[in-house]
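Input: a single structure, listed below in structure tokens.
The values are calculated or read from the model by the stated rules, or taken from the named source; none is laboratory data. Just so it is clear, the model here is predicted, and its values are computed rather than measured. Don't worry about glycine lacking a Cβ; one is built from the backbone with ideal geometry, like all the others, and counts go over all protein chains shown. The area values use the complete protein model at the heavy-atom level, side chains included, leaving out ligands, DNA and RNA. Shrake-Rupley method; radii C 1.70, N 1.55, O 1.52, S 1.80 Å.
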Amino acid sequence: MDSEQKKPTISGEIPASIVVEEKSPLTPNALRVLERRYLKKDRDGKSIETPEEMFLRVARNVAGADLIYHPDADMTERVHEFYSLMASLSFLPNSPTLMNAGRELQQLSACFVLPVDDSMDSIFEAIKDTALIHKSGGGTGFSFNRIRPKDDRVLSTGGAASGPISFMRVFNSATDVVKQGGTRRGANMGILNIDHPDVLDFITCKTDNDSLSNFNISVGVTGEFMEAVKENKEYELVNPSTGEPVKKLNAKAVFDLLVHQAWLNGEPGLIFLDRINRDNPTPSLGQIESTNPCGEAPLLPYEACNLGSVNLSIMLKRGGDGFEIDYEKLGRTVRSAVHFLDNVIDVNSYPLEKIARMTRGTRKIGLGVMGFADMLIQLRVPYDSEEAFEIAAAVMKFIGDEAREASKGIALDRGVFPNFDQSIYASKGLHLRNATLTTIAPTGSLSIIAGCSSGIEPLYAITYVRNIMDNEKLVEVHPEFEQIAKEEGFYSRPLMEEIAERGTVRGISQVPKWVERTFVTAHDLTPEWHVKMQAAFQKYTDNAVSKTVNFSNSATADDVRKVFLLAHQEGLKGITIYRDGSRKTQVLKFGKKEKAEGKTGIIPRERPAVTRGRTERMGTGCGNLYVTINEDSEGLCEVFAQMGKSGGCAASQIEATGRLVSLALRSGIDPITIVRQLKGIRCPSPLWYEGSMVLSCADAIGRVLERHLREKTAGGIQDKPGEASKSMSPPASPGREWLLTGCPECGGSIDFVEGCIVCRSCGFSRCG
């Protein structure tokens, strides 16, 4: 092992007397997020540090890396620099750094990529490593492409292989177990290449609602495959264990299936492997096969991503006709942030020694941005305009250039990254400290702390209405919009509520045209604008860009196809789409509520004397539950359940649930809606039953009803009894149940942005 890749030793000391007086301009919402998730707490869960003390804790810890290289340095100035960088909200590192720096865990990286080879030893070693990473608060990405296909012969045993998807389920179950005790719920990325023999099963593997709920999935595609799609040609599937072609498929047909599944529920996404490896800075160390869970950090096996984001919403200054970009301030912030992130690599306590060696060998960092939409609003530039693309490219090019200059400067002082000789930079004579410098990562929680818009996303909404105690409505308005509305004289609470309900200011007569044009929301945009904005940033970003391309619910599969083709054409490294309402458990929706006119009530149809049905046993934490589903000539009409042990409060509640569900069915309520209401309800005694977690008796009834609906709709095309067609209901996905029940920490509404979920009330997030 290269001596430079060993854990550095900090030989100097940071004086305990260093104090700071600068207060952080945090919003009430930011304070709530910090209180819930970031500040140190005592045994009773009470916060024992202020936000300023947290920023000082992190600044002192990260600044300490300077003492590795200059043991006698006076650290006062560096600590103040890093403190001001964060406390002013100009820059924030990824969440694990804020949470863990200067504390016992000291694990500061957000995500990791682990190798999975075609052997039991490798697979279960990766599962063990995954558990350790998730325990430390990180997310993981994998390529399952090396695992031999289902039913392939296993020479050592003479048996048949179970295939990569079966092992993904084992990873998923391990994540379920570990997350129960962690502060951050584990998240995974699973990638399979388009030429793997099991690719069709992979594309549809999340159609079952109970499968792979802790995975995002993406298909790894190549330029060769995309050309075959355009030309309607066949392409070869290759057995990874032999390297031999085993079958041919029509590329367009496979692409159509992929498009359909993405239209159905947003997964799988696409990872453009050729494009990623074109920018691989260390090809001699291996080809990049996977990314972190949200796709923005393509990494070699055992590499970690150390990320941070500059807040563009405050990188502005007053000009002659309003605001203009303050490039001097932005440059200072970038240079300081690069120094900060390089230091993180040295003070980090990695969950595995293999990760420590690899990460210190390439010293990759990922500096990105947040608050871009807010910057455009202050510049009075519409998000969906050519001028916005020009600003995006100019800002990101500037950040990339400044980051590279900063890395060159650190390399002069501390040396290039240890694997420099195996990099593309060696032949160019470009001496850098870090193999990569820029990444656009999700900033769900961080953007709430910073009080700005997420990443490079447009505003998701301009006003929100939250229901609080006693049905009182709390209206939250974008601060810039509220100020303009009051200055222009069109502010009123009813108007703010109307905007919240509509999800847009477009088409509202009271709103001036220039305001309507400036305040663009995600659903005001056609999908092509999302792709082009992502491309504008990708052009000057070393790694990749995390962004969600939003579609309206009425979008067609052909709309998704056009966007996937455009993403490849524009040179993106990956693409994630989401069609509004396609995940049946979505809570946060915009648009007029349908009103029943002329109806004073609904009279349920009578229960016939004879019904037909089935009874299914489902294990719960209270005992076996027997759920009976009956139908009459018009369809589902009755659900009732009985606990194996009778009597008591549980039995009466189960009977009440059955009666109400039956009443709803005979009243014409969509059964899927009933399933949504039942699934996800939790009780104090959840139970692991037949491969999934049953959260309560109500949850069990919802699962049985859902399974009945799937099998009924699938009819005769299921592969075997009890297995629903893979073209049926939308799949599970990270946070799927939360989109229905609300945030698991505070019950607030969940947004789906940047390929990630985030609660705007408390900051709960799977990433960022």
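Quick rundown of the values:
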| read-out | value |
| --- | --- |
| Exclusive hit being modelled with pLDDT of 90 or more and in contact with a Leu (Cβ under 8 Å, 6 or more places away or on another chain), set Phe490, Phe420 | Phe420 |
| Single condition Leu39 does not satisfy, out of (1) touching a strand residue (DSSP E or B) at 6+ places or on another chain (Cβ under 9 Å); (2) in contact (Cβ under 8 Å) with a residue 40 or more places away in the chain; (3) assigned to a loop (DSSP other than H, G, I, E, B) | (2) |
| Some residue of segment 574-594 being surrounded by fewer than 20 Cβ atoms within 10 Å (Cβ to Cβ), outside any loop (DSSP other than H, G, I, E, B) and at pLDDT 90 or above | no |
| The lone exception for Val381 - which of (1) buried (at least 23 other Cβ atoms within 10 Å of the Cβ); (2) in contact (Cβ under 8 Å) with a residue 24 or more places away in the chain; (3) β-branched (Val, Ile, Thr) it fails | (1) |
| Matching residues, segment 660-687, being closer than 11 Å to Cys637 by Cβ and outside any loop (DSSP other than H, G, I, E, B) | Val661, Ser662, Leu663, Ala664, Leu665, Arg666, Pro671 |
| The lone exception for Gly320 - which of (1) without any contact (Cβ under 8 Å) to a residue 40 or more places away in the chain; (2) under 22 Å from the mean Cα position of the chain (by Cα) it fails | (2) |
| Arg335 vs. criteria touching a residue at least 12 places away in the same chain (Cβ under 8 Å) and out of contact with any Gly (no Cβ under 9 Å at 6 or more places or on another chain) | no |
| Of residues in segment 230-251 being surrounded by 16 or more Cβ atoms within 10 Å (Cβ to Cβ) and without any contact (Cβ under 8 Å) to a residue 60 or more places away in the chain, the one nearest to Gln287 (Cα to Cα) | Val238 |
| Residue satisfying condition, being surrounded by fewer than 22 Cβ atoms within 10 Å (Cβ to Cβ) and in contact (Cβ under 8 Å) with a residue 60 or more places away in the chain, within set Asp421, Asp413 | Asp413 |
| Tally of residues being open to solvent by less than 10 Å² (accessible area, probe 1.4 Å) and not charged (D, E, K, R) across segment 106-129 | 10 |
| Filtered residue count, segment 428-459, keeping only those that are open to solvent by 10 Å² or more (accessible area, probe 1.4 Å) and on the phi > 0 side of the Ramachandran plot | 2 |
| Tally, over segment 68-88, of residues that are open to solvent by less than 40 Å² (accessible area, probe 1.4 Å) and touching a Lys or Arg at 6+ places or on another chain (Cβ under 9 Å) | 6 |
| Tally of residues being modelled with pLDDT under 90, under 30 Å from Glu476 (Cβ atoms) and open to solvent by less than 60 Å² (accessible area, probe 1.4 Å) across segment 2-53 | 3 |
| Thr600 surrounded by 15 or more Cβ atoms within 10 Å (Cβ to Cβ), at pLDDT below 85, of a type in the set (S, T, N, Q) and more than 30 Å from Tyr540 (Cβ to Cβ) | no |
| Which listed residue is at negative phi and touching a strand residue (DSSP E or B) at 6+ places or on another chain (Cβ under 8 Å), from Gly308, Gly319, Gly331, Gly295 | Gly308 |
| Cross-chain or 6+ apart pairs with Cβ under 7 Å, segment 556-585 first and under 16 Å from Ile276 (Cα atoms), then in a helix (DSSP H, G or I) and among the aromatic types (Phe, Trp, Tyr) | Ile575/Phe564 |
| Residue within segment 516-528 that is within 30 Å of Asn277 (Cα to Cα), touching a helix residue (DSSP H, G or I) at 6+ places or on another chain (Cβ under 8 Å) and of a type outside the set (Phe, Trp, Tyr) present | yes |
